[in-house]
Structures are given as C-alpha cells and as structure tokens.
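Asks: Before we start, here is the structure in question, set down as structure tokens.
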C-alpha cells in the first residue's frame, strides 16, 4: 500500500539536466544517438567544474560526461557519494562503456570501497576529449553524488 504522507516527505530528486547520458554515443556530438543538449563539463577554456547527480542500477545505471584533457596536464575527478560509487575515464577510441566494449579505450578506473573516489590521469600528449563515467559499485543499488573535475599542468604535480 502506498503511504502518501511518507512519499511527500521524501526530498525531491536531484535535478539531472544532462540526461540522457548513459553511454558515449548519447553525449558525443559525433555519436549516432547524440541526444544530450548539455555541453561538455570541461573545455579548453573551462578547466574545472562541479556537478551533482544520481545513478540507479535499474533506472539510470551510469552517467557519462564529456570532458577536455588539456595538453601535458594531470586530470583529476573526485567523487563524493551517499553510497559506494565508481569512476572511470575513457578516451575517444572507446565505442561504449557497456557490455563487451566496456574496457576498449578505458584510460583508468577508480573503484575502491567507500563513499569517496579519486581518479587521476596524466595526459602527456596534446589536448583531447575524453569521457568520465560515474556508476554505483556492484555493492550499491544507487548513489547520489557530487563530482569535482579539474586539470593542472603535469609539471606542477
């Protein structure tokens, strides 16, 4: 039976303007199913940002965001979540972050236990696009999260 009073007392779901963003082709302007209207989170002129979101194993199993990796820089993504969440970074050679292609083009992953993850990647070449993926860990059904992204020159780290 539905408890209307209890349902109304729950906090409103977090706003998620980047949906749909469950795989690369939905957020890549060159993808065959590009449907997201949201811009990349970081760009050549915007090197850092923060965003909040929610993933759910059954309804919204992952969030994929397009990011810019500046030349000769260290890219950092920091995830703080309500439950155990995981991060991954994929290059543009990746076709998908799902199924049999899930490891093709993966640059690095952060999947430690706990509510905080830190992913770092040093881009030793020229500036390029990549994709950050947030998903609940296999041990968690969902996660509400905050994601902080930033880049610094590689020589400064």
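The values are calculated or read from the model by the stated rules, or taken from the named source; none is laboratory data. Everything numeric here is computed off the predicted structure, so don't read it as measured data. Virtual Cβ from ideal backbone geometry, glycine too; neighbours counted across all protein chains shown.
Asks: Restricting the stretch 132-141 to residues that are touching a residue at least 24 places away in the same chain (Cβ under 8 Å) and under 17 Å from residue 57 (Cα atoms), which is surrounded by the fewest Cβ atoms within 10 Å (Cβ to Cβ)?
Replies: 139
Asks: Between a residue in the stretch 1-19 that is closer than 16 Å to residue 134 by Cβ and any residue that is assigned to a loop (DSSP other than H, G, I, E, B), which pairs come within a Cβ distance under 8 Å, given they are 6 or more apart or on different chains?
Replies: Partner pairs satisfying both residue conditions: 17/38; 18/36; 18/38; 19/36.
Asks: Let me ask something else about it. Please work out which one of (1) crowded, with 21+ Cβ neighbours inside 10 Å; (2) within 16 Å of the chain's Cα centre (by Cα) is the condition residue 129 fails and give its number.
Replies: (1)
Asks: Can you tell me which residue among 145, 90, 121 is in a strand (DSSP E or B), in contact with a helix residue (DSSP H, G or I) (Cβ under 9 Å, 6 or more places away or on another chain) and either under 25 Å from residue 56 (Cβ atoms) or at pLDDT 95 or above (or both)?
Replies: After ruling out the rest, the residue left standing is 90.
Asks: Could you tell me how many of the residues in the stretch 1-45 are assigned to a loop (DSSP other than H, G, I, E, B) and either over 17 Å from the mean Cα position of the chain (by Cα) or farther than 20 Å from residue 147 by Cβ (or both)?
Replies: Residues flagged as assigned to a loop (DSSP other than H, G, I, E, B) and either over 17 Å from the mean Cα position of the chain (by Cα) or farther than 20 Å from residue 147 by Cβ (or both) within the stretch 1-45 amount to 16.
Asks: Mind listing just one residue for me: the one in the stretch 1-50 that is at pLDDT below 90 and touching a helix residue (DSSP H, G or I) at 6+ places or on another chain (Cβ under 7 Å) and, of those, nearest to residue 92 (Cα to Cα)?
Replies: Among residues in the stretch 1-50 that are at pLDDT below 90 and touching a helix residue (DSSP H, G or I) at 6+ places or on another chain (Cβ under 7 Å), the one nearest to residue 92 (Cα to Cα) is 31.
Asks: Can you tell which of 108, 83, 115 is farther than 24 Å from residue 154 by Cα, without any contact (Cβ under 8 Å) to a residue 60 or more places away in the chain, surrounded by 14 or more Cβ atoms within 10 Å (Cβ to Cβ) and touching a strand residue (DSSP E or B) at 6+ places or on another chain (Cβ under 7 Å)?
Replies: Unique residue meeting the criteria: 115.
Asks: Please go through (1) surrounded by fewer than 14 Cβ atoms within 10 Å (Cβ to Cβ); (2) more than 23 Å from residue 39 (Cα to Cα) for residue 101 and return the number of the only condition it doesn't satisfy.
Replies: For residue 101, the exception is condition (1).
Asks: Out of all the residues in the stretch 51-79, which are surrounded by fewer than 18 Cβ atoms within 10 Å (Cβ to Cβ) and either out of contact with any helix residue (DSSP H, G or I) (no Cβ under 7 Å at 6 or more places or on another chain) or not in a loop (DSSP other than H, G, I, E, B) (or both)?
Replies: Within the stretch 51-79, 52, 56, 57, 58, 59, 61, 71, 76, 78 meet the criteria.
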